[in-house]
Amino acid sequence: MAHIVVIGASTGGLPFAYDIKKTLGKNHEVTVISNNPNFNFIPSNPWLAVGWRSADDISFELAPRLKRKNINLIVGEATQIKPNENQVMVGDKVVDYDYLVLATGPKLAFDEIEGLGPDGHSVSICTTAHSETALHDWENFCANGGGPIVVGAVQGASCFGPAYEFACIMDTDLKKRGLRDKCPITFVTPEPYIGHLGLGGVGDSKGLLESEFRHRHIKWHTNAKVDKVEADKVTISECDDNGEAVKTVEIASKHTMLLPAFKGVDAVASLADVATGFVNPRGFVMVNEYQQSPVKDNLFSVGVNIAIPPVEATPVMCGTPKTGYMIESMVAAVVHNIEDMINKKAPSNIPTWNAVCIADMGDTGAAFVAMPQIPPRNVTWAKKGKMMHLAKIAFEKFFIRNMKTGNSEPAYQRYIFKMLGIERLKKK
C-alpha cells in the first residue's frame, strides 16, 4: 500500500486528493495537510471584497467531505519537508509518505514594497480572510463618501486577472451606490501594456481591456514599479523600455488594492538548504514535464508554487500566471504519473497547460482561451460579453459543488471540453 500526501487543499490540492483516491482505490492511503480547515474558492474573492458574496457563500469545511471519501485530513502548518527521509513535519507531528505532492500555493511578498498589504496601507483579495478585511475597509470608504482609488499589481507579480476584475467590479459597485463620480480609479501595473496579463497577451486582450477601461473612465500606468504605499497616496516609478525609471508619480488614493509578487512558502523554500535543484531562488518548486521534481522522483508539485520562467522579457518584471484549467491539467498528469510509478512504470503523462479563463467585470465579463498557456499557441481567443459575466457565476457554483461532492471533473464536463478540443493531457 502506498501513502500519498498532498500539502494544500485549495484549487490544486483538493482536486488532486479526490482524483488520486478515486484512481488508486481503497488499497492506498491519501492524506491532505492543510493550514486551513476550510476550502475557499479564491476566484470569488473580488466579489467578497465589495459585499457581493459572504465567506460562507464561497467556503465549506473540509473534514466531512474528505472523511466521506476516506481521505485523511491533518489541519496544521507543514513546517518542514524532509525529502531524504520521506517525511513532512506538521509541528511536532511526523507524517511519513511514499509520494508527496506540493500544492501549497504561494507566500505573499507584501514585505517587498514599503506600506504594501493588509498590515500596511493597502487591502488584498489574495485570501478569503484578506477579502473580508477589504470589505470592511470598502464599506467605510463608501460610507465616508468615497475618494480616489488605486488598483493593480506590483513589479514581479504574476497574477493579473483578479486586478482587472476588481477594478471593474469596484466601478460597477460604485455606480450602484451612486458614488462613481466621486471616485477616480487608476490602474497601476508592471505589464508593458494593458492586457499583457503576464502571457504576452491572449488574442486581442490589449484592445479588449483598453477599450473596457476607457469605457469605464479608468486611467492606467504601465511599465510601472510601485515604490511606496501610504495611507493617502501611492508612489510609482514609470519606466522606459530598458526598465529604467524615468518619472516618479504620486497618485492620490483612499482605497488601494495592489496584488503582490509571490514567493515559495517557507517550508518549500527551505528545500534549497537540502539540495540544489529542488527550488529556484524565489522558493518555487522546480519540475520536469511530468510535474516531477528533478531531484526526488517521488516528489511532485502542482499549482502556483511551481517554477515557470516569464513568457517573455519585459521592461519591468512580470511573472507567469498559473490559471485554473492549467492547474487542473497539472493535477491530472500527477495523478496518472503516480499511478504509473505504483505500477512500476515510468511517468508518461504530460499536462497540456491549456488556459481557459473567465473574468468577471461586474456587469459584463470576458473569456480568454490560450492553448497552451505559454506561447507559441495552437489556439488563442478572447471575447467580451454579458454571457461571460453569467458564465463566471455559473462556474463558481459548478466548481464549489464539484469540490463538495468530490468529483473534480464530471463526465459531461470532460466530454464537452473534448468536443472543443480542450484536454488536460497531451496525447502520447
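Okay, here's what the table says:
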quantity	calculated
Failed criterion for K263 (all others in (1) part of a loop (DSSP other than H, G, I, E, B); (2) among the charged types (D, E, K, R); (3) in contact (Cβ under 8 Å) with a residue 60 or more places away in the chain hold)	(1)
Every residue from region 180-226 that is farther than 28 Å from E139 by Cα, in contact (Cβ under 8 Å) with a residue 24 or more places away in the chain and among the charged types (D, E, K, R)	E191, D204, K225
Region 194-235, subset among the small types (G, A, S) and closer than 18 Å to T323 by Cα, residue nearest to the chain's Cα centre (by Cα)	G198
Single unsatisfied condition, P106 versus (1) of a type outside the set (D, E); (2) closer than 30 Å to A333 by Cα; (3) open to solvent by less than 20 Å² (accessible area, probe 1.4 Å); (4) touching a helix residue (DSSP H, G or I) at 6+ places or on another chain (Cβ under 7 Å)	(3)
Residue within region 328-347 that is in a helix (DSSP H, G or I), open to solvent by less than 20 Å² (accessible area, probe 1.4 Å), under 20 Å from K418 (Cα atoms) and not aliphatic (A, V, I, L, M) present	yes
Residue in region 362-370 that is closer than 27 Å to P192 by Cβ, touching a helix residue (DSSP H, G or I) at 6+ places or on another chain (Cβ under 7 Å) and part of a loop (DSSP other than H, G, I, E, B) present	yes
Test: residue in region 407-427 that is closer than 21 Å to D204 by Cβ, under 20 Å from the mean Cα position of the chain (by Cα) and surrounded by fewer than 20 Cβ atoms within 10 Å (Cβ to Cβ)	no
Qualifying residue in region 415-424 (condition: in contact with a helix residue (DSSP H, G or I) (Cβ under 8 Å, 6 or more places away or on another chain) and not in a loop (DSSP other than H, G, I, E, B))	no
Residues of region 348-365 classified as small (G, A, S), farther than 17 Å from N378 by Cα and crowded, with 17+ Cβ neighbours inside 10 Å, total	3
Enumerated strands (runs of 3 or more DSSP E) restricted to region 30-86, each holding at least 1 residues that are under 21 Å from the mean Cα position of the chain (by Cα)	38-40, 59-61, 78-82
Yes/no for A261 being among the hydrophobic types (A, V, I, L, M, F, W, C) and open to solvent by 10 Å² or more (accessible area, probe 1.4 Å)	no
Per-region count, region 212-247, residues part of a strand (DSSP E or B) and within 15 Å of V316 (Cα to Cα)	12
Conditions (1) in a helix (DSSP H, G or I); (2) closer than 23 Å to A355 by Cβ: number failed by A157	(1)
Residue list for region 1-45, restricted to those being farther than 15 Å from I338 by Cβ, open to solvent by 10 Å² or more (accessible area, probe 1.4 Å) and in contact with an Asp or Glu (Cβ under 9 Å, 6 or more places away or on another chain)	T11, N35, P37, N38, P43
Test: V188 is touching a His at 6+ places or on another chain (Cβ under 6 Å), within 18 Å of V151 (Cα to Cα) and of a type in the set (A, V, I, L, M)	yes
Any hit, region 325-343, residues being on the phi > 0 side of the Ramachandran plot and without any contact (Cβ under 8 Å) to a residue 60 or more places away in the chain	no
Matching residues, region 130-154, being more than 27 Å from M388 (Cβ to Cβ), in a helix (DSSP H, G or I), touching a residue at least 40 places away in the same chain (Cβ under 8 Å) and open to solvent by 20 Å² or more (accessible area, probe 1.4 Å)	D137, E139
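The rows are residues; the columns are (1) free of Cβ contacts under 8 Å to residues at least 24 places away in the same chain; (2) open to solvent by 30 Å² or more (accessible area, probe 1.4 Å); (3) closer than 21 Å to I338 by Cα; (4) assigned to a loop (DSSP other than H, G, I, E, B).
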| position | (1), (2), (3), (4) |
| --- | --- |
| A272 | yes, yes, no, no |
| V287 | yes, yes, yes, yes |
| F300 | no, no, yes, no |
| P310 | no, yes, no, yes |
| M317 | no, yes, no, yes |
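The values are calculated or read from the model by the stated rules, or taken from the named source; none is laboratory data. Predicted, not measured: the structure shown is a model, and the values here were computed from it. Glycine gets a Cβ as well: all are built from the backbone with ideal geometry, and neighbour counts include every protein chain shown. What goes into the accessible areas is simple: the full protein's heavy atoms, side chains included, and nothing from ligands, DNA or RNA. Shrake-Rupley method; radii C 1.70, N 1.55, O 1.52, S 1.80 Å.
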